[in-house]
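Peer 1: Take a look at this one; I'll ask things after.
Laboratory data are not the source of any read-out in this text; all were calculated from the coordinates shown. All of these numbers come straight from a predicted model, not from anything done at the bench. Here the Cβ positions follow ideal geometry from the backbone for every residue, glycine too, while neighbour counts run over all protein chains shown.
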């Protein structure tokens, strides 16, 4: 899969990312991967649920992975941040 | 599985829930289910990652489910909230 199919959820309103996922799906992608870290994880779950319940009912959750990523602070030290990766696929 | 094995993550610090999960696991539970809704979803992922990386390395993620739940507001109307359910199991 190319990086084109990856939507990174951050601090914008959930609907911005919903539109991005729907656009990817409608332009032919069979799979879209939604990624998020830290506090944005809750929003990523919202995005997936809104896409499935309101926009593209034939998409299903193929895989959900959680992990820990190391992020560098400005002072050079690192901290651990939780991450999620949800793969949506057309049935 | 009985409800005893369910930890509901809400607004307390993540370590409170980590202790609850570790206590369940050490008192003989083969599986512990971590549930959360809305903004607490990110914290639930943190809890699972901290338990696995720092406390009980022989626990693995058996299943992750996301869903939408209807919650009643004080004025009687309902709103949709995303939810997550992560099952940790001993290998």
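Peer 1: How many Cβ atoms of partner chains, on average, are near each residue of B:67-80 if near means within 10 Å of its Cβ?
Peer 2: The per-residue average across the peptide is 1.
Peer 1: Here's something else I'd like to know. Where the Cα atoms of chain A are projected onto their three principal axes, how long is each span, largest first, in whole Å?
Peer 2: So the extents along the principal axes, rounded to whole Å, are 45, 26, 19.
Peer 1: I need the shape label for the protein assembly as shown. Rule: rounded when a/c is under 1.5, else prolate if a/b > b/c, else oblate, with a, b, c from the alpha carbon gyration tensor.
Peer 2: Prolate, since a/c reaches 1.5 and a/b exceeds b/c.
Peer 1: Could you state the angle between the C-alpha long axis of helix B:14-26 and the longest principal axis of the C-alpha atoms of chain B, as a value from 0 to 90 degrees rounded to the nearest 10?
Peer 2: 50 degrees
Peer 1: Right, next: To the nearest 10 degrees, how steeply does helix A:40-50 sit against the main Cα axis of chain A, on a 0 to 90 scale?
Peer 2: 0 degrees
Peer 1: Moving on. Please figure out what share of the DSSP beta bridges in chain B is antiparallel and state it in percent, rounded to the nearest 5.
Peer 2: That works out to approximately 85 percent antiparallel.
Peer 1: Give me the one-decimal nm value for the distance between modelled label points at residue B:90 and residue B:65, 7 Å along each residue's Cα-to-Cβ direction.
Peer 2: Each label point is offset 7 Å from its Cα along the Cβ direction, giving 2.4 nm.
Peer 1: In nm, one decimal, shortest first: how far is the label point of residue B:62 (7 Å from Cα along Cα to beta carbon) from the matching points in the other copies?
Peer 2: 2.6
Peer 1: Same structure, new question: I need A:82, A:42, B:67, B:27 ordered by Cβ neighbour count within 10 Å, fewest first.
Peer 2: B:27, B:67, A:82, A:42
Peer 1: Another question about this same structure. Once label points are set 7 Å from the Cα along Cα→Cβ at both residue A:77 and residue A:55, what is their separation, rounded to one decimal in nm?
Peer 2: 3.9 nm
Peer 1: Further question: Taking other Cβ within 10 Å of each residue's Cβ, how do B:62, B:12, A:91 sort, fewest first?
Peer 2: Ascending number of Cβ neighbours within 10 Å: A:91, B:12, B:62.
Peer 1: Per residue of B:39-48, how many C-beta atoms from partner chains lie within 10 Å of its own C-beta, taken as a mean?
Peer 2: 6
Peer 1: Would you mind ranking A:87, A:23, B:77, A:68 so that the residue whose beta carbon has the fewest other beta carbons within 10 Å leads the list?
Peer 2: B:77, A:23, A:68, A:87
Peer 1: Given a 10 angstrom Cα cut-off, can you work out which residue in B:75, B:11, B:53 is the most mobile in a GNM of chain B?
Peer 2: Per the Cα network of chain B with a 10 Å cutoff, B:75 tops the list.
Peer 1: Which of these, A:30, A:73, A:54, has the largest mean-square fluctuation under a Gaussian network model of chain A (Cα springs below 10 Å)?
Peer 2: Of A:30, A:73, A:54, the most mobile in the Gaussian network model is A:73.
Peer 1: Any chance you could check the Cα centroid distance between region B:13-27 and region B:41-91 for me, in angstrom?
Peer 2: 14 Å
Peer 1: Shielding of B:50-59 by partners, i.e. mean partner chain Cβ atoms within 10 Å per residue?
Peer 2: 1
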